[in-house]
Each structure stands twice: as structure tokens, then as C-alpha cells.
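Colleague: Before anything else, here's the structure in question.
FYI, it's all coordinate maths here, none of it is from the lab. Every value quoted in this text rests on a predicted model; they were computed, and no experiment measured them. Here the Cβ positions follow ideal geometry from the backbone for every residue, glycine too, while neighbour counts run over all protein chains shown.
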Amino acid sequence: MNRTTDDDRALPPALADLARTEIDYADGEGIDFEPYDAFDSAEETTDWLCQWTGNPELDGGTYRVFGQDGTGGLAALWYGRPGLPLAEQPVVFMGSEGECGVVAGNLSDFLWMLADGCGPFEAVMYGADESRPDTALTALAERHATTPRRPARDILAEARAEFPTFAEDIEALCR
């Protein structure tokens with residue numbers, strides 16, 4: 001894992017706005033995602049990563065955890081692009097049962113993914129083939145996104161193509 005010396009734990013404005021936006025789970029038909037109003041601390045992130053992988057030697061410094069699904073799977077910005085700002089880093093998901101994957105190439109694309117009705121859990125578990133636009137999340141993306149609006153399936157495909165070994169790299173860290 002690349003380690004970063006940047007310890008900025010302030011939510012970008014888009015994530016702060018997301019934390020104030022209701023996400024409709026719609027009895028299992030919506031988005032299973034609960035955004036946080038602050039990033040997890042460095043200590044919490046390292047503890048989580050060590051527990052998730054069973055590897056006590058890891059450091060969670062390359063992740064900024066900003067939300068979870070109903071089972072406790074976590075969504076994070078991952079410093080997968082050294083030297084770029086936090087909002088330009090990919091969004092990843094690591095589920096409670098060992099599922100993991102890159103879900104969006106950057107924060108803006110993640111906002112468009114949510115606007116299209118797909119959360120990080122759904123993207124990793126089921127893909128993003130079905131579009132279910134959400135009015136409130138579309139308005140949020142329109143306020144904050146710097147990338148063009150695209151269907152969630154395209155965003156997911158682009159992210160997976162750019163970081164094709166993320167899941168395997170994480171699996172290699174597991175003990």
C-alpha cells in the first residue's frame with residue numbers, strides 16, 4: 001500500500017453536503033449507504049484495515065473512510081493516485097463479508113453514481129446495470145461534480161479499468 005503523509009481529515013464540501021442528504025434505502029430497492037459527517041480517525045482506519053485483512057502490520061493512512069452500508073461495509077477515498085488532491089482519488093468499498101472493489105475514479109464520479117441510484121455496496125455486489133435516478137442526489141451532484149454526468153455502469157467500468165488489480169492487491173494483504 002502506498003502510504004501518504006497527508007493527514008487531512010476534513011471532509012471535502014461535497015461529502016459534507018452528502019452527509020446532510022437523506023439517502024432512500026426504499027426497503028431494499030434503493031441505495032444502502034450511510035454517509036458520515038466526518039472521516040474516521042487515522043487510528044480507527046488503521047484498526048479497521050488490520051481487522052478486515054487480519055494483518056496487524058498494515059497502516060490505513062491511504063484511506064479516508066466516509067460512510068458505510070447497513071452491514072458495516074465501508075466506503076473510502078483511497079490514495080491510489082499519488083500526488084493528486086483527495087477529491088481526485090478513487091472511491092473504494094470493502095464489505096463486511098470480504099467483498100471489495102473500486103467503485104468510482106474520483107469523488108465527482110461517485111456523486112454521479114449515487115445520482116444514478118447506485119451506491120458502493122450495490123456496485124461491488126451487483127454491478128451498476130440498472131439506472132434509478134434520485135432527485136436529491138442528482139441535485140447534490142449538479143452542485144459539486146466537476147466531471148460530466150454519466151450512467152453508473154460507465155463510471156464503474158472506467159474505475160475498474162483504471163484500477164484492475166485493486167481487489168487482488170487487497171486480497172494479497174490478507175492473512
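Colleague: I'm a student and want to see the number: the projected area of the Cα convex hull of the chain, averaged over all directions, in nm².
Modeller: That works out to 8.9 nm², a quarter of the Cα hull's surface.
Colleague: Relative contact order for the chain: what percent, with Cα pairs under 8 Å and sequence separation of 6 or more?
Modeller: Relative contact order for the chain comes out at 20 percent.
Colleague: State the answer as a single residue: which of Tyr36, Ala16, Pro82 lies farthest towards the positive end of the charge dipole of the chain, with beta carbon charges of +1 for Lys and Arg and -1 for Asp and Glu, about the Cα centre.
Modeller: Pro82
Colleague: Starting from the Cα gyration tensor of the stretch 26-112, take the square roots of the eigenvalues, sort them a ≥ b ≥ c, and report rounded, prolate or oblate (rounded when a/c is under 1.5, otherwise prolate if a/b is larger than b/c, else oblate).
Modeller: It comes out oblate by the Cα gyration axes.
Colleague: For the stretch 125-166, what value does the Rg/Rh ratio take when both radii are computed over Cα atoms and Rh is the Kirkwood radius, given to two decimals?
Modeller: The Rg/Rh ratio comes out at 1.01.
Colleague: Largest first and to the nearest Å, give the Cα extent of the stretch 26-65 along each principal axis.
Modeller: 40, 22, 13
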